[in-house]
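Asks: The structure's right below; bear with me while I get my questions together.
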Amino acid sequence: MSLILGKILSIFLIIGIGFAANKAGIMPMSSNKYLVGLLIKVTCPFMIISSITSNELHDDTLSLSLQTLFGAAVFFVIYAILGWIVSAKLVKVDPAENIGVYTFSFGSVNSGFIGFPITLALFGSGLLYLMVIQNVVLGLYLYTFGIMLVNIGTSGGKPDFKGFVNSFKNINTIASVVSIVMLFMGLKLPSIIFDCVDMIGGATTPLSMLIVGMQLGDCDFRELIKNRKLIGISFIKMLLLPVLTFLMVNWLPFAADVKICLIFAAAFPSAVVTVAIASEQNRDSIIAAEMVAITTLLSIAVIPAAAAFLMWYYGL
């Protein structure tokens, strides 16, 4: 267990380095656009390709995929319902027109930007494959059901099917689809090309953690803590969802890897893309941005705790 905790802490220490680098002016926020572009458009798709294509296809791969798709779909609906209950009934968000933004952000998870590299580093390429499958359902949640959620209390709320289709045009989704097809067809990259892809993909975890630290270093936490309802909802999200998902999924007839994927994903912070979607829908995108910041900060404690528990409970 000490080796596991050491591995987890070493990853999250990189966040502290990114935070310090931002404060020292080495990684100013002016570099955020380029670093995120490098992560999303270069290292992350290479990581997906190298991790998935390095696996061997097993007889139960299709079953694991279907279990993950079904489980993720059910839980995103549950998360949305919980988000509304917490925002509208428990915390009682004011004004009421912002309940939709809180509900939408509450139910989202950052499985791509943060989830992929951490899952690979801690659990390996097999679980990353399932996390990629889970991310497909996340796209459906964000651009169809999520659009209706963010517009709760307004005259809007029609599913954004165009946005949903466009979400499949990004390079990470394309890399995921291509990798899965290669896996099922038994195709492998030439060794020279694979080594190149693997080395570049290996930069994803440290780069993503450095960027998270940089972004946290630029946050004005004095302003964030003034919104107590936002902090309350963020705490409930980060503490309730992993525990509740474990209690719901642990008794289901799913494979252990699927259970770990669904539970671990529930420990991720709110998805960054919720900010853009809230803005496109003319909702209060500042709330979404603040929830991303607070839940990301909380995830520094929640994700290691969730990972350590899952490794211990499932005997990894």
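Asks: Would a scan of segment 27-47 turn up a residue that is more than 22 Å from Leu297 (Cα to Cα), open to solvent by less than 20 Å² (accessible area, probe 1.4 Å), among the polar types (S, T, N, Q) and at pLDDT below 85?
Replies: There is no residue in segment 27-47 that is more than 22 Å from Leu297 (Cα to Cα), open to solvent by less than 20 Å² (accessible area, probe 1.4 Å), among the polar types (S, T, N, Q) and at pLDDT below 85.
Asks: Anything in segment 200-218 that is under 18 Å from Ala301 (Cα atoms) and of a type outside the set (A, V, I, L, M)? List them, or say none.
Replies: Looking only at segment 200-218, we keep the residues that are under 18 Å from Ala301 (Cα atoms), and these are 205-206, 208-217.
Selection gives Thr205, Pro206, Ser208, Gly213, Gln215, Gly217.
Asks: Would you please name the residue that is farthest from Thr103 (Cα to Cα), looking only at residues in segment 30-85 that are of a type in the set (Ser, Thr, Tyr) and under 19 Å from the mean Cα position of the chain (by Cα)?
Replies: Checking each candidate, the answer is Ser51.
Asks: Working carefully through the options Phe75, Phe106, find the one that is crowded, with 21+ Cβ neighbours inside 10 Å and out of contact with any Phe, Trp or Tyr (no Cβ under 9 Å at 6 or more places or on another chain).
Replies: Residue meeting the stated conditions: Phe75.
Listed here are the residues, each with its yes/no results for (1) modelled with pLDDT of 80 or more; (2) among the hydrophobic types (A, V, I, L, M, F, W, C).
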site	(1), (2)
Val150	yes, yes
Gly153	no, no
Lys158	no, no
Ala175	yes, yes
Val178	yes, yes
Pro190	yes, no
Ile193	yes, yes
Ile200	yes, yes
Pro206	yes, no
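Asks: Between a first residue in segment 27-48 that is under 20 Å from Gly126 (Cβ atoms) and touching a residue at least 40 places away in the same chain (Cβ under 8 Å) and a second residue that is open to solvent by 50 Å² or more (accessible area, probe 1.4 Å) and of a type in the set (A, V, I, L, M), which pairs have beta carbons less than 6 Å apart while being 6 or more apart in sequence or on different chains?
Replies: Pro45/Ile171; Phe46/Ile200
Asks: Yes or no: segment 231-252 includes at least one residue that is part of a loop (DSSP other than H, G, I, E, B), among the aromatic types (Phe, Trp, Tyr) and under 17 Å from the mean Cα position of the chain (by Cα).
Replies: For segment 231-252, residues part of a loop (DSSP other than H, G, I, E, B), among the aromatic types (Phe, Trp, Tyr) and under 17 Å from the mean Cα position of the chain (by Cα): absent.
Asks: Turning to a different aspect of this structure: Quick one: which residue in Gly213, Gly186, Gly201 is open to solvent by 40 Å² or more (accessible area, probe 1.4 Å) and either free of Cβ contacts under 8 Å to residues at least 40 places away in the same chain or over 26 Å from Gly146 (Cα atoms) (or both)?
Replies: Details: Gly213 fails: open to solvent by 40 Å² or more (accessible area, probe 1.4 Å); Gly201 fails: open to solvent by 40 Å² or more (accessible area, probe 1.4 Å).
The conditions single out Gly186.
Asks: Got a sec? Which helices (runs of 4 or more DSSP H) wholly within segment 53-148 have at least 1 residues that are free of Cβ contacts under 8 Å to residues at least 40 places away in the same chain and not charged (D, E, K, R)?
Replies: 61-84, 125-140
The values are calculated or read from the model by the stated rules, or taken from the named source; none is laboratory data. Just so it is clear, the model here is predicted, and its values are computed rather than measured. Note: ideal-geometry Cβ built from the backbone for every residue, glycine included; neighbour counts use all protein chains shown. Areas reflect the complete protein model, heavy atoms only, side chains present, ligands, DNA and RNA absent. Shrake-Rupley method; radii C 1.70, N 1.55, O 1.52, S 1.80 Å.
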